[in-house]
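The values are calculated or read from the model by the stated rules, or taken from the named source; none is laboratory data. Bear in mind the structure is a predicted one, so any value in this text is a computation, not a measurement. Cβ: placed from backbone, ideal geometry, glycine included. Neighbour counts: every protein chain shown. The area values use the complete protein model at the heavy-atom level, side chains included, leaving out ligands, DNA and RNA. Shrake-Rupley method; radii C 1.70, N 1.55, O 1.52, S 1.80 Å.
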Amino acid sequence: MNITKVYVSRKLEEIVSDFICTEDYDENNYLGGWSSTLFFMNHKKCLLMINKQTKYTLILWNVKKGDLESLSIIFKKTLYEQLMYDGIQVDVKLIDSMIGEIKLFLTDNDKSANGSLNTISLYIEDWKNEYRTFESIPFRYLNGLLNEVPIKNFKWISPKVKMNELINSF
């Protein structure tokens, strides 16, 4: 079974400390690792996750500590739904086999991923002011906007295109 590593920020580490894995696993051969951080939207916990290879972002909203036990299921469901929203056609069984099980690890201090998370956090701060209630926030739409922003390091190709290329390579 595949193991997908998700490296957590120091801020998120406080919340998920009971779920941090200390065993060593190889990096996922399909989509690679992810980095994640915590942000609050109207006093509700949300996770911002970014794929290290493609810079594809995923927002898991209204996450409770009890949800962390089923993080693999929540992650795969949210990823599949976001991919479909972004126009990336993929079979749910392929996502399930590519991701496997999610394991949380302490930060690896990946400057590129952390820099991207910090930049995205600025957009999120603006959206907090724009959307007054949690229920009015179109998370899927906003997540889609983040995945359409071209990245200089990818020769101005968007994370959505990079993720589509990566998935289609399998």
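Points worth noting:
- Residue that is open to solvent by 40 Å² or more (accessible area, probe 1.4 Å) and under 15 Å from the mean Cα position of the chain (by Cα), where the choices are Lys155, Lys93, Lys162: Lys162
- Only listed residue being in a helix (DSSP H, G or I), surrounded by fewer than 19 Cβ atoms within 10 Å (Cβ to Cβ) and in contact with a helix residue (DSSP H, G or I) (Cβ under 7 Å, 6 or more places away or on another chain), chosen from Leu79, Leu68: Leu68
- Every residue from the stretch 19-42 that is touching a helix residue (DSSP H, G or I) at 6+ places or on another chain (Cβ under 8 Å) and either free of Cβ contacts under 8 Å to residues at least 12 places away in the same chain or more than 22 Å from Trp127 (Cβ to Cβ) (or both): Phe19, Ile20, Asn28, Tyr30, Leu31
- Residue list for the stretch 126-169, restricted to those being over 16 Å from Ile50 (Cβ atoms), outside any helix (DSSP H, G or I) and either modelled with pLDDT of 95 or more or among the polar types (S, T, N, Q) (or both): Thr133, Ser169
- Tabulated pairs, the stretch 96-111, first over 10 Å from Ile20 (Cα atoms) and touching a residue at least 40 places away in the same chain (Cβ under 8 Å), second aliphatic (A, V, I, L, M) and open to solvent by 30 Å² or more (accessible area, probe 1.4 Å), C-beta under 8 angstrom, 6+ apart or interchain: Gly100/Met1; Glu101/Met1
- Candidate set: the stretch 107-140, residues that are out of contact with any Ser or Thr (no Cβ under 7 Å at 6 or more places or on another chain) and among the hydrophobic types (A, V, I, L, M, F, W, C); chosen: the one surrounded by the most Cβ atoms within 10 Å (Cβ to Cβ): Ile137
- Enumerated strands (runs of 3 or more DSSP E) restricted to the stretch 1-56, each holding at least 2 residues that are open to solvent by 40 Å² or more (accessible area, probe 1.4 Å): 44-51
- Of all the numbered requirements in (1) hydrophobic (A, V, I, L, M, F, W, C); (2) over 19 Å from Leu145 (Cβ atoms); (3) touching a Ser or Thr at 6+ places or on another chain (Cβ under 9 Å); (4) open to solvent by less than 10 Å² (accessible area, probe 1.4 Å), Leu104 misses one, and that requirement is (4).
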